[in-house]
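Have a look at the structure below, then the notes.
The values are calculated or read from the model by the stated rules, or taken from the named source; none is laboratory data. This one's a predicted model, so the numbers in the text were calculated from it and none came from an experiment. Counting neighbours? That spans all protein chains shown, and the Cβs are built from the backbone with ideal geometry, glycine included. Protein only, heavy atoms only, side chains kept; ligands, DNA and RNA dropped before computing areas. Shrake-Rupley method; radii C 1.70, N 1.55, O 1.52, S 1.80 Å.
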Amino acid sequence: MSSLKKSFNVRCRDFIHAGEASISVQQLLKQMHIDPVLIRRIAICGYEGEMNVVMHGGDGIYCVEINTDRIVLDISDKGPGIADIAKAMEKGFSTASDEYREMGFGAGMGLPNMKKNADEMIVESEPGCGTRVRMSFIIKQSTPT
Amino acid sequence: MVPEYISFVEKFCTGCSQCVRVCPTKTIRIRNNKAVFFDELCIGCGECTRVCPEGAVSSSISVIEPCMKDKLNVVIVSPVLYAQFPGVMPSDVLIGLNEMGFDHAIDLSYYLEMFQYAVDEFVLENRKSNNAPWPLISPICPVVIRLIVLNYPNLLDHILPLRRPVSLLGDEIREKLSHEHGVDKKDIIIYHITPCHAKVVPDRSGLMDELGFIDRALGINRIYPGLKQKLEQVKELELSLFPNEHFSFVPSTRGPLWGMSGGEIAGMRIDNVIAVSGVKETMAYLEKIEMGLFSDMEYIEFRACTEGCLGGPLTAVDRYMAKSTVQKFIKMFGIGRRLPRHKIRQLYDKGWFFSRIKPSELAGVYKSKRKPLTFDDMKKIEKLMSLIHGSDCGACGAPDCKTFAEDVVTEAADLKACFKMKE
């Protein structure tokens, strides 16, 4: 089965280039005529994930794997990790600094929003060892051949 | 095929590829030293007409047609026209148009104000019910609408479903004038003087369709020399301030301000608004909106031309000079409000402002004919890119290496066109 993999580096605190990986993936999927609604969900998840890395995670890698039946986003970083994953998944919970809040981030909606938009989501993390978020999106019938 | 927005004279084309590079939707290639168009991707932004050094690519709409004697000739004036004549009052510009042979020269600013009020109403109403998909996107710029239909169909719902002021006015005028003068509606020719390259050519996106309300478009740059001459005469004429009784809405500063980027939102009450101008900036913002950003904003004014309509491809005067003229107007007169709010509310409740076509119905009216790329295609493109390892030199006739690789995979280009691949 054919699949297409692409990866992008995401740098900590690099707000200028934040979102570029998501935009590239978005453009790629558009050329493949994937369902626009699905593309939008992927873009939202990708962007939230990317911002998490930029704000909290230290440097990270943003991988996308496109298969005929599903698309997998795999965003991992070498940051401080999440102590309590269940808590982090709650709406409104955030560990963002005041600096980020002033920039308009840190509303505690990132992970919940990703969970809402992804078909499946797995968060693996341990304090001090970084975080890995994997999200899958199922492509329904109108799959390109 | 050459898109309907553009007139292309092949014998003038030297294949310099400047148009290829500026095209935001990558519609143009060079083949055999001549520009070739994929017309279905053209959004009518006019960027190619600005850069062509040979005059081979130009706008197809700015043909000045003589006023017809047996018809009633009415002209709707884009407020950008006033900004072309520093030191001349807008009402004098209208007189000048009368002198040129138009029976009625009609100012738009009254309708612009109405539109702004209607947007206020729409936002306030939906803020309460939280129904609208935020941020709403201004329906004014036709290029932006086409761009969304073509490349960002997800955002169609974000387009504000109100008709453009020109179409509202055109509709009203034809109705009233045929009644007052007792002429058949067909005998009224409505012209629109516009800086916009994309206006009036049959709008493939259909939204807020100006066609039917407007019969002919005149580019400002074509009417400028004649009008300039007439204005010299008007100065000496000292005619009455209000040239014609019908629709003689006195131009207000709202009009000229509207032409500037940010002018549309400047007259509104709502606060969470941004104005974005320039086609590249517009695309960057649309991409971000697709990713869920700016949902705390209520209304975004997009203009495909940098600095707004004052920078339109069919203007006669440089955009920054025109901006200076507008700023002078505003310093002199301020931004007034003239309309009673409750009357607009009544019209709004009647549904007078709403477009007959829902923006979401536009999905697919206007899309790329290219085949979707498959996984294998994507892999081939990746491989080609690593082989070419180029610097987007453009010698192959494509705007950049990635587009070239796509063209090769979809068999629209020959691999040997790349000089690195010849060896």
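Kindly indicate whether any position in region B:86-109 is within 14 Å of chain A (Cβ to nearest Cβ) and either closer than 19 Å to B:G267 by Cα or modelled with pLDDT under 90 (or both). No; the residues of region B:86-109 include none that is within 14 Å of chain A (Cβ to nearest Cβ) and either closer than 19 Å to B:G267 by Cα or modelled with pLDDT under 90 (or both). When we screen B:S368, B:S360 for residues that are within 14 Å of chain A (Cβ to nearest Cβ), more than 30 Å from A:E65 (Cβ to Cβ) and at pLDDT below 85, the only hit is B:S360. Scanning region B:140-161 for residues that are more than 13 Å from B:S360 (Cβ to Cβ) and within 15 Å of the chain's Cα centre (by Cα) yields B:I140, B:C141, B:P142, B:V143, B:V144, B:R146, B:L147.
Results for (1) in contact with a helix residue (DSSP H, G or I) (Cβ under 6 Å, 6 or more places away or on another chain); (2) surrounded by 14 or more Cβ atoms within 10 Å (Cβ to Cβ); (3) among the acidic types (D, E), shown as yes or no for each residue.
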position	(1), (2), (3)
A:D77	yes, yes, yes
A:P80	no, yes, no
A:A88	yes, yes, no
A:T95	no, yes, no
A:G104	no, no, no
A:M114	yes, yes, no
A:G128	no, no, no
A:V133	yes, yes, no
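Applying the condition of being within 26 Å of A:F105 (Cβ to Cβ) and open to solvent by 30 Å² or more (accessible area, probe 1.4 Å) to region A:33-46 and asking which residue is nearest to the other protein chains (Cβ to nearest Cβ) yields A:R40.
For the condition open to solvent by less than 30 Å² (accessible area, probe 1.4 Å) and within 11 Å of chain B (Cβ to nearest Cβ), A:M109 does not qualify.
Which of the residues belonging to region A:50-87 are in a helix (DSSP H, G or I) and within 11 Å of another protein chain (Cβ to nearest Cβ)?
First, pick out the residues of region A:50-87 that are in a helix (DSSP H, G or I): A:50-57, A:85-87.
Within region A:50-87, A:E50, A:M51 meet the criteria.
Among the residues of this structure, B:I381 counts as one that is more than 30 Å from the chain's Cα centre (by Cα) and either at pLDDT 80 or above or among the aliphatic types (A, V, I, L, M) (or both).
Restricting attention to region A:88-124, which residues are closer than 20 Å to A:R13 by Cα and either in contact with a Ser or Thr (Cβ under 7 Å, 6 or more places away or on another chain) or in a loop (DSSP other than H, G, I, E, B) (or both)? Answer for region A:88-124, where residues must be closer than 20 Å to A:R13 by Cα and either in contact with a Ser or Thr (Cβ under 7 Å, 6 or more places away or on another chain) or in a loop (DSSP other than H, G, I, E, B) (or both): A:S94, A:T95, A:A96, A:S97, A:M103, A:G104, A:F105, A:G106, A:A107, A:G108, A:M109. The set of residues from region B:1-21 being crowded, with 19+ Cβ neighbours inside 10 Å and among the hydrophobic types (A, V, I, L, M, F, W, C) comprises B:I6, B:F8, B:C13, B:C19, B:V20.
Counting only strands (runs of 3 or more DSSP E) that sit completely within region B:41-135, zero hold 3 or more residues that are among the small types (G, A, S).
Evaluated against (1) more than 14 Å from chain A (Cβ to nearest Cβ); (2) modelled with pLDDT under 85; (3) open to solvent by 50 Å² or more (accessible area, probe 1.4 Å), B:G390 falls short on exactly one condition, (3).
Inspection of region A:3-10 identifies no residue that is of a type in the set (K, R) and away from every other protein chain (no Cβ under 14 Å). Within region B:393-402, one or more residues are without any contact (Cβ under 8 Å) to a residue 24 or more places away in the chain, in a helix (DSSP H, G or I) and not assigned by TED's automatic domain parsing to the domain that holds B:I145.
Taking (1) facing chain B (nearest Cβ under 8 Å); (2) of a type outside the set (S, T, N, Q); (3) part of a loop (DSSP other than H, G, I, E, B) in turn, A:K30 satisfies each apart from (3).
Taking residues in region B:296-314 that are within 14 Å of chain A (Cβ to nearest Cβ), and partners anywhere that are aliphatic (A, V, I, L, M) and open to solvent by 10 Å² or more (accessible area, probe 1.4 Å), the pairs with Cβ atoms closer than 9 Å and at least 6 places apart or on different chains are B:M297/B:V273; B:M297/B:I274. Of the residues that make up region A:11-23, is at least one at the interface with another protein chain (Cβ under 8 Å from one of its Cβ atoms), touching a helix residue (DSSP H, G or I) at 6+ places or on another chain (Cβ under 8 Å), surrounded by fewer than 21 Cβ atoms within 10 Å (Cβ to Cβ) and part of a helix (DSSP H, G or I)? Checked region A:11-23: at least one residue is at the interface with another protein chain (Cβ under 8 Å from one of its Cβ atoms), touching a helix residue (DSSP H, G or I) at 6+ places or on another chain (Cβ under 8 Å), surrounded by fewer than 21 Cβ atoms within 10 Å (Cβ to Cβ) and part of a helix (DSSP H, G or I).
Set side by side, the residues B:V80, B:V149, B:V74 differ, and just one is of a type in the set (A, V, I, L, M) and modelled with pLDDT of 90 or more, which is B:V80. Could you list, in sequence order, the residues of region B:92-138 that are of a type in the set (G, A, S) and either crowded, with 23+ Cβ neighbours inside 10 Å or under 24 Å from the mean Cα position of the chain (by Cα) (or both)? Scanning region B:92-138 gives B:G96, B:A105, B:S109, B:A118, B:S138.
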